[in-house]
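The values are calculated or read from the model by the stated rules, or taken from the named source; none is laboratory data. Keep in mind it's a predicted model, so treat the numbers as computed, not measured. Glycine gets a Cβ as well: all are built from the backbone with ideal geometry, and neighbour counts include every protein chain shown.
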Amino acid sequence: MAQSLSQHEWENRIILLFAPDFQNQTLERQLDFFQKNEEGLADRKLIVYQITPDEVKKEGELLKNKRELENELKKFKVKENEFTFILIGLDGGEKMRSLKVVPLDKLFGKIDRMPMRRSEIDQNNRGE
């Protein structure tokens, strides 16, 4: 089955974590932050991809068929030798980019100010 970022549009927000390798210290620190608040990630409908020059993981699982996804990832123009964090919104547009670890309060604050997220929060508060 082919992989594509567009399969997530209007369903999930996406975090793309580019790194030279999976042992990259910045990547590991970012993933540690995520592990500390998996509930917050799930509540905000976040899917995490880890991308190295040779391999791609989705939610920690190595993707076997990643060719289509690799072509899609080229549009982000990321340098292979550095860590890059990219947040993609429900509409498929890039919402945030950083070359450093993004603290969860900054990430969640950014997402929680988005109109679609505010609508989700309102619906949850009304019990829908």
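Things worth noting here:
- Per-region count, segment 4-58, residues in contact with a Ser or Thr (Cβ under 8 Å, 6 or more places away or on another chain) and charged (D, E, K, R): 1
- Members of segment 9-25 found to be farther than 13 Å from residue 55 by Cβ, of a type outside the set (D, E, K, R) and buried (at least 18 other Cβ atoms within 10 Å of the Cβ), listed by number: 14, 15, 16
- Strands (runs of 3 or more DSSP E) completely within segment 1-96 that count 2 or more residues being at pLDDT 95 or above and β-branched (Val, Ile, Thr): 13-18, 46-51, 84-88
- In a residue-by-residue description of segment 40-49, the property of being more than 11 Å from the chain's Cα centre (by Cα), of a type in the set (Phe, Trp, Tyr), at negative phi and surrounded by 12 or more Cβ atoms within 10 Å (Cβ to Cβ) applies to no position.
- Pairs where the first residue, in segment 70-97, is at positive phi and the second is hydroxyl-bearing (Ser, Thr, Tyr) and exposed (fewer than 13 other Cβ atoms within 10 Å of the Cβ), C-beta under 8 Å, 6+ apart: 92/6
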